[in-house]
Amino acid sequence: MLADIDDEETGGGSERSAGDLEAVFDVPVRISVVLGRAKMPVANLLKMDVGTVVELDRQVGEAIDIYVNDRLVARGEIVLVEGRLGVTMTEIIKAA
C-alpha cells in the first residue's frame, strides 16, 4: 500500500503527485454501490414478482455506501446523468 511506504523510498519528500501512482493506473478494481439492504425469509423471496417493492434499511436522501474491492471507501448520493444512474461521492472514508 502507498500509505506504508516510508520517506526513504519516496526520496524523502512527503508530497505525492498523480505521476507517483502511474504503476497502478491499469490495475482493475471492483466498485460496488450499496443502496441498502433487506433481510427476508426464502419463502418471501420466492413470492417476489415484477413490480414487487423491497423495503431497504435506508431512508430517502440518506447517503449510500461505496466500496472498492469490498472495502468501504466513501459515501455518496445517486445522481441522474443523461438518463443514466450515477454516484457522486460526498464523503471519503479514511482507513483506520
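The values are calculated or read from the model by the stated rules, or taken from the named source; none is laboratory data. The model shown is predicted, which means the values in this text are computed figures rather than measured ones. Please note: Cβ atoms are built from the backbone with ideal geometry, for glycine as well, and neighbour counts cover all protein chains shown.
Below is a table of values for the structure above.
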| item | result |
| --- | --- |
| Ala43 at pLDDT 95 or above and part of a strand (DSSP E or B) | no |
| Residues of the range 54-76 that turn out to be of a type in the set (A, V, I, L, M, F, W, C), touching a residue at least 24 places away in the same chain (Cβ under 8 Å) and within 14 Å of Glu91 (Cβ to Cβ), as a count | 3 |
| Enumeration of residues in the range 55-72 that are touching a strand residue (DSSP E or B) at 6+ places or on another chain (Cβ under 9 Å) and assigned to a strand (DSSP E or B) | Ile64, Asp65, Ile66, Tyr67, Val68, Leu72 |
| Failed criterion for Arg75 (all others in (1) outside any loop (DSSP other than H, G, I, E, B); (2) at pLDDT 95 or above; (3) exposed (fewer than 10 other Cβ atoms within 10 Å of the Cβ) hold) | (3) |
